[in-house]
Amino acid sequence: MAAARDLRAIEMAGDDDAVELAKRHLVQPWPYAGSVGNEARALIGEGDGIYITDVTGKRLIDGPAGMWCINVGHRREELAKVMYDQAMMLSYNTPWYTMNAPSAELAKRIADHAPGDLSHTFFTTGGSSAVETALRFMQFYNNVRGRPEKKLILSRGGAYHGSTYLSASLNGRPRDRDWMDGADDLVVKLSSPDPFRRLKGIDIAAFTDFLVDQFRDTVARVGPEKIGAFVGEPVQASGGVVVPPDGYLKRIREICRDNDILYISDEVVTGFGRLGHVFASGDVFGIDPDMITFAKGVTSGYFPLGGVIISERLLQEMRRSNHPDALFGHGLTYTSHPIGCAVALKNLDILEDSVLAHTREVAPYFQARLKTLEELPLVGEVRGMGLMGCVECVADRESKDPLQLDKDVGKRIDAHCHELGLLVRPLINMCVMSPPLIITRAQIDDMVAILREGISRTMDDLRKEGVWQG
């Protein structure tokens, strides 16, 4: 702890310098053209448990858990120690012609938790590279099996699958692709499974049938011989915590199986505890995908690591092919990084020991307390699952129209909450919450109370400005 205090003293002394250096030299992710390369964002100095401390010394609840990833909380000494110990033993090895023990052990531990026959893991550096790897594997798989035309990918509105060229091409969120190129000739987009946005007068059962019929009709129209994979998040995370209707994913899985379309479940967010299990595909939604992608919570954000778990069936089919010399020409410098895998093993120990059970115990309380925010007239819906939640604001509940509101209403709420002691993930007209899994009931109460006040202050602002009458 003394070393941590010394480091913090150094950081605080250089805070002003860090802001200026960022404006001069640092390109932030997702910048606007008008400020690219000339922007400084909120400077964070410390983390401890579910809290972070900003440059002013203000202590904040880390509502987004970093970026859906600080699952076991900040400042876990056992994870820091593992990083040090592994670095002192073996800091790196080339994965091209050597291997390390932590990666092999982690692959086995992951297989023990994975549904169906998912038994082999290819490790990457994060979620985007995990999805990219899964898609490239699909392409390789079909090439080896003599089906070079079977490469199209089905994705959905509201989806977020990454920032690499191919993974980003799957994204279906507003504004993500307005100014960015993508492999549009390889992707077929379907409707978002968002029940809140279903047409007026259609019940959930009819909406589910519509989604499934659209999927089936698209496969028939495009041709199953041309479609290689469907990629879907069990819960659309950055799309606004969109929880699909009951039974929808199972029905989509069956259509994929019937048409020899690989089902890739993107669990970059939902994996490693966010829904109370290591993987949600089987334990929560009852499906057995052909591949699962993961990242974020696998190390609780302490080290960059991701991966894709692959079905034993797919590997056996390739081994039996007529092209045993075909090379899967894909790999990363940091594939199976020994430090990342060692951290993930210890992180998995912590999750299995108590955190997964704690998450399942407090999740209903978390969802119930967030739901009380629907009492506020600016709130159209509160939805979520596990320790994922979204507050969606609308101009009025009848039309559910967010466009009449200030488009930065989420940022307005976040600014008020920051002042009150809570960091929020603002998404246009939504506020997303995904706190560290170790959060207590009392801390949930604090978080929801601050969020309520932040929304209330935002309502007052909008009324004063004449933007919203409420």
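Between Ser155, Ser169, the distinction of being free of Cβ contacts under 8 Å to residues at least 24 places away in the same chain, of a type in the set (S, T, N, Q), under 21 Å from Val268 (Cα atoms) and touching a Leu at 6+ places or on another chain (Cβ under 8 Å) belongs to Ser169 only. Whether a residue is within 28 Å of Met318 (Cα to Cα), crowded, with 17+ Cβ neighbours inside 10 Å and either touching an Asp or Glu at 6+ places or on another chain (Cβ under 6 Å) or in the same structural domain as Leu315 (by TED's automatic domain parsing) (or both) was assessed, and Gly116 does not pass this test. Looking only at region 44-64, decide whether some residue is surrounded by 13 or more Cβ atoms within 10 Å (Cβ to Cβ) and at positive phi. There is at least one residue in region 44-64 that is surrounded by 13 or more Cβ atoms within 10 Å (Cβ to Cβ) and at positive phi. Of the numbered criteria (1) crowded, with 24+ Cβ neighbours inside 10 Å; (2) more than 23 Å from Val382 (Cβ to Cβ), the one Leu275 fails is (2). Please determine, by comparing only the residues of region 255-288 that are without any contact (Cβ under 8 Å) to a residue 60 or more places away in the chain and in a strand (DSSP E or B), which one is farthest from Gly228 (Cα to Cα). Top of the filtered list is Ser265.
Within region 55-62, none of the residues are hydrophobic (A, V, I, L, M, F, W, C), assigned by TED's automatic domain parsing to the domain that holds Met433, under 20 Å from the mean Cα position of the chain (by Cα) and under 19 Å from Gly126 (Cβ atoms). In region 67-78, the count of residues that are modelled with pLDDT under 95, out of contact with any Ser or Thr (no Cβ under 8 Å at 6 or more places or on another chain) and closer than 27 Å to His161 by Cβ is zero. Within region 168-225, the set of residues being among the basic types (Lys, Arg), crowded, with 16+ Cβ neighbours inside 10 Å and within 27 Å of Tyr32 (Cα to Cα) comprises Arg173, Lys189.
The values are calculated or read from the model by the stated rules, or taken from the named source; none is laboratory data. Just so it is clear, the model here is predicted, and its values are computed rather than measured. Cβ sites come from the backbone with ideal geometry, for glycine too, and all protein chains shown count toward neighbours.
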